[in-house]
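The values are calculated or read from the model by the stated rules, or taken from the named source; none is laboratory data. Nothing here was measured: the structure is a model prediction, and the numbers come from that model. All Cβ positions, even for glycine, are placed from backbone atoms using ideal geometry, and neighbour counts span all protein chains on display.
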Ligand code: SF4
């Protein structure tokens with residue numbers, strides 16, 4: 001997530017313009033507009049990821065979660081990879097903040113400390129893969145696991161190098177420095193802040209991956225790029241506006257991909273963008289459609305073919321023998 005800070009520094013003019021445009025363009029806010037949905041029955045509410053996600057072609061996913069007791073589940077290699085990547089970004093911030101906060105300035109060797117943090121994160125990743133691998137059907141080949149671990153290494157080194165450069169620069173420009181206060185200004189990132197979206201029909205506490213400068217919603221997404229990632233950001237922004245009565249205007253999505261020709265992750269869609277009314281309205285439309293589905297309680301069934309279901313956790317339930325699909 002330190003790359004978000006660098007993106008801000010490198011495109012500060014653009015960000016300033018986006019902020020101005022957002023104030024003129026956005027009309028739909030979480031604190032004023034809930035549009036038409038019937039939100040009288042909390043038991044029909046759904047979590048944000050189920051409202052905005054488009055991984056289930058028939059939306060059966062939410063129906064299963066609401067109405068099926070102990071459905072048969074699976075963990076797949078893509079699910080595990082996504083979970084690990086999410087966690088790695090969080091650990092990068094957590095460990096480096098601890099390192100910076102707990103060491104006196106005169107004793108600080110940030111490069112060494114970050115290297116130690118990297119080792120710690122990598123050990124955790126390897127342990128988790130080892131633990132979860134036996135639960136996975138069609139476990140990946142050793143080569144694939146090795147590649148994935150190499151990609152995690154790229155993410156950590158990339159983020160650490162930005163942290164090191166920015167902090168070293170700051171330390172070199174100020175004689176009097178209170179490092180704890182300084183990092184809060186330099187890295188204004190809040191991780192997984194809980195937001196209550198009940199007034200908008202979102203169940204549970206919502207939790208964007210991060211908030212940047214308190215007006216940018218940030219999400220970390222693995223796998224290929226999907227436009228629905230933007231809807232997730234919009235839903236978090238609406239929830240935040242509803243709870244805090246404050247505007248959230250922008251979003252940024254970290255969706256790393258990897259190439260053998262690069263030592264860094266590729267972040268092709270990495271840019272600040274306005275959370276426009278188009279996305280906001282789409283969130284409300286999907287919410288209404290999905291709440292309606294839950295209200296009726298009918299099983300939407302599976303799609304005709306299972307090709308989009310292979311990596312879903314409910315694959316064994318939807319396509320197992322009990323349901324007569326195989
Ligand atoms: S297995 Fe397919 S139909 Fe069933 S919940 Fe998952 S994506 Fe939806």
Do you know which residues across the range 85-142 are within 23 Å of residue 181 (Cβ to Cβ) and not in a helix (DSSP H, G or I)? 102, 103, 104, 108, 109
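Considering only the range 149-188, how many residues are in contact with a strand residue (DSSP E or B) (Cβ under 7 Å, 6 or more places away or on another chain) and crowded, with 18+ Cβ neighbours inside 10 Å? Working first, answer last.
Start the filter on the range 149-188 by keeping residues that are in contact with a strand residue (DSSP E or B) (Cβ under 7 Å, 6 or more places away or on another chain), which leaves 188.
Imposing the further condition that a residue be crowded, with 18+ Cβ neighbours inside 10 Å reduces the set to none.
Number satisfying all stated conditions: 0.
Among the candidates 32, 52, which residue alone is modelled with pLDDT under 95 and within 18 Å of residue 219 (Cβ to Cβ)? Don't jump to the end; show me each part of the working.
Working: 32 fails: within 18 Å of residue 219 (Cβ to Cβ).
Result: 52 is the single residue among 32, 52 that is modelled with pLDDT under 95 and within 18 Å of residue 219 (Cβ to Cβ).
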Yes or no: residue 208 within 16 Å of the ligand (Cβ to nearest atom), surrounded by 15 or more Cβ atoms within 10 Å (Cβ to Cβ) and in a loop (DSSP other than H, G, I, E, B)? no
What number of residues within the range 166-199 are farther than 19 Å from residue 109 by Cβ, in contact with a helix residue (DSSP H, G or I) (Cβ under 6 Å, 6 or more places away or on another chain) and part of a helix (DSSP H, G or I)? 1
For the range 58-72, name all the residues that are loosely packed, with under 14 Cβ neighbours inside 10 Å and assigned to a loop (DSSP other than H, G, I, E, B). 68, 69, 70
Residue 80 is checked against (1) within 16 Å of the ligand (Cβ to nearest atom); (2) buried (at least 18 other Cβ atoms within 10 Å of the Cβ) and fails just one. What number does that condition carry? (1)
Output for the range 290-315, where each listed residue is touching a residue at least 24 places away in the same chain (Cβ under 8 Å), loosely packed, with under 14 Cβ neighbours inside 10 Å and assigned to a helix (DSSP H, G or I): 295
Hey, among 221, 260, which residue is at pLDDT below 95, more than 16 Å from the ligand (Cβ to nearest atom), within 15 Å of the chain's Cα centre (by Cα) and closer than 25 Å to residue 150 by Cα? 221
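For the range 227-266, what are the residues that are part of a loop (DSSP other than H, G, I, E, B) and crowded, with 16+ Cβ neighbours inside 10 Å?
First, the residues of the range 227-266 that are part of a loop (DSSP other than H, G, I, E, B): 227, 245-249, 255-256, 258-265.
If the condition is that a residue be part of a loop (DSSP other than H, G, I, E, B) and crowded, with 16+ Cβ neighbours inside 10 Å, then 247, 248, 249, 255, 256, 258, 265 are the ones that fit.
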Whichever residue in the range 92-104 is free of Cβ contacts under 8 Å to residues at least 40 places away in the same chain, surrounded by fewer than 19 Cβ atoms within 10 Å (Cβ to Cβ) and within 28 Å of residue 149 (Cα to Cα) and, among such residues, is farthest from the ligand (Cβ to nearest atom): 99
Enumeration of residues in the range 120-148 that are surrounded by 15 or more Cβ atoms within 10 Å (Cβ to Cβ) and closer than 15 Å to residue 258 by Cα: 145, 148
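So which of 286, 290 ends up being within 30 Å of residue 218 (Cβ to Cβ) and in contact with a strand residue (DSSP E or B) (Cβ under 8 Å, 6 or more places away or on another chain)?
Details: 286 fails: in contact with a strand residue (DSSP E or B) (Cβ under 8 Å, 6 or more places away or on another chain).
Being within 30 Å of residue 218 (Cβ to Cβ) and in contact with a strand residue (DSSP E or B) (Cβ under 8 Å, 6 or more places away or on another chain) holds for just one of 286, 290, which is 290.
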So how many residues does the range 272-283 have that are touching a strand residue (DSSP E or B) at 6+ places or on another chain (Cβ under 6 Å) and assigned to a loop (DSSP other than H, G, I, E, B)? 2
